[in-house]
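Below is one structure, written out as C-alpha cells; the observations come after it.
The values are calculated or read from the model by the stated rules, or taken from the named source; none is laboratory data. None of the values given here were measured: they were computed from a predicted structure. Here the Cβ positions follow ideal geometry from the backbone for every residue, glycine too, while neighbour counts run over all protein chains shown. Accessible surface areas use protein heavy atoms only, side chains included; no ligands, DNA or RNA. Shrake-Rupley method; radii C 1.70, N 1.55, O 1.52, S 1.80 Å.
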Amino acid sequence: MVAERYVESEKTISNPSDRSQWTERAQGLLSWATSFWVLAIGFVIVTLAAAGPLRVWDYKLNRRWLYLFEPDLVWFFQHILDPIAGQAVCLPVLAITAIVLARKRRSWRPIVFAIAVEAAFYLGIGSLKVLFARPSTTLHDPRFFHGGLIEIGGRGISYPSGHAAEAVLIYGAVAYLIATYSDVSTRTAQLLWWGVAAVSVNSVVVSFTLGWHWATDLIGGLLIGGVFLRLLIIADRRIPDLST
C-alpha cells in the first residue's frame with residue numbers, strides 16, 4: 001500500500017499539466033520582472049542607493065580581484081571576454097542581423113529598429129552617463145556629480161556601465177529581431193534570450209573582477225539597458241509597418 005501511494009503521488013507530481021502550469025507561472029514571473037516599469041523603478045532605486053548608502057559598499061568592493069587571485073587570466077579577460085559586449089563586436093552583429101532580416105522580409109523595419117537601438121545607447125544611456133558624472137574606480141571616488149566628461153574624460157562617466165547596458169540592449173535587440181522577424185522555433189528564441197543573459201553575466205563579471213566599474217555601475221547598466229530595450233520593443237510592436 002505504501003508503495004502504491006508513493007507511485008501514485010509521484011505520478012501526480014510528474015503530471016505534464018502540472019509541469020506546464022509551473023512553466024507558465026515561471027514565464028509570467030520572468031515577464032513581470034523584465035517589464036518596463038519594474039526595470040525602470042529598479043533603475044531609480046539602484047541609482048538612489050548608489051548615490052547614497054551603497055557608496056560605502058562600492059568603495060569596499062572595489063578591488064582588482066582578478067589581479068589578486070588569478071593574474072594569468074587578465075589578458076584573456078581583457079582581450080577576449082571584455083570585447084564581446086563592446087561596440088566593435090556587438091554593433092556588427094546587430095547590423096548584420098538587421099540587414100539579413102530586412103532583405104528576407106523585404107522591409108526596412110529591422111534596420112530602423114537597429115538604428116533606434118544605437119541611438120538609444122548613445123543618446124539615452126550616454127546622456128545618463130554624462131548627467132550622473134560619476135568618477136571611475138581608478139579615481140577612488142564613488143560619489144555622483146564629481147566626475148564629468150569635459151573635466152576628466154572617459155574616467156568621469158562611470159555610471160551606468162556602458163558595457164553592461166550594451167550586453168542587454170544590443171544583444172537583446174539581436175535576439176528580439178531574430179525571434180520576431182524570422183521563422184525560428186520557440187525553443188531557439190528561448191536559447192537566444194539565454195545567450196543574452198550569458199553575455200550580460202560575462203560583462204558584469206569581467207568588469208567587476210578587473211576593477212573597471214563600481215558594483216552599482218554594473219547593476220544600473222543592466223537595468224537601464226533593459227529599460228531602453230523594453231521601450232523599443234513596445235514601440236516596434238505598436239507602430240504599424242509602412243515600409244512594405
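Rounded to the nearest 500, the 222 nm mean residue ellipticity of the chain from helices alone is -22000 deg cm²/dmol, with -39,500 (n - 2.57) taken per DSSP H run of at least 4 residues. The charge dipole of the chain, taken about its Cα centre with unit charges on the Cβ atoms of Lys, Arg (+1), Asp and Glu (-1) only, comes to about 480 debye. In the context of the full protein assembly, Ser107 retains an accessible surface of approximately 10 Å², using a probe radius of 1.4 Å and ignoring ligands and nucleic acids. Annotation: extensible slack from Val56 through Val44 equals 2.5 nm (criterion: 0.36 nm per residue apart, minus Cα-Cα distance). Computed with a 1.4 Å probe on the full set of protein chains, the accessible area for Trp65 sits at about 70 Å². Once the chain is represented by equal point scatterers at the alpha-carbon sites, with solvent omitted, what log10 I(q)/I(0) does the Debye formula produce at q = 0.09, 0.11 Å⁻¹? With no solvent term, the Cα-only Debye profile gives -0.47, -0.66.
For Asp183, the accessible area of its heavy atoms, probed at 1.4 Å with every protein chain present, is near 140 square angstrom.
Per the Debye calculation on region 151-244 with a single equal scatterer at every Cα and no solvent contribution, log₁₀ I(q)/I(0) for q = 0.11, 0.13, 0.21, 0.22 Å⁻¹ amounts to -0.39, -0.52, -1.00, -1.05. Ordered from highest to lowest accessible area with the whole protein assembly present and a 1.4 Å probe, Glu151, Glu118, Glu70 read as Glu151, Glu70, Glu118.
Calculated on the Cα set of region 109-204, radius of gyration then Dmax: 16.3, 50 Å.
Give me the Kirkwood hydrodynamic radius of region 193-244, using the inverse of the mean 1/r over all pairs of distinct Cα atoms, in Å to one decimal. Taking the inverse mean of 1/r over all distinct Cα pairs, region 193-244 comes out at 12.9 Å. With Cα atoms defining each centre, region 176-242 and region 55-121 are spaced 10 Å apart in the structure.
The accessible-area ordering, largest first, of the residues Arg134, Arg105, Arg237 stands as Arg237, Arg105, Arg134, per a 1.4 angstrom probe. Run the accessible area of the chain with a 1.4 Å probe and give the carbon-and-sulfur part as a rounded percent. Solvent-exposed carbon and sulfur of the chain make up 69 percent of the total.
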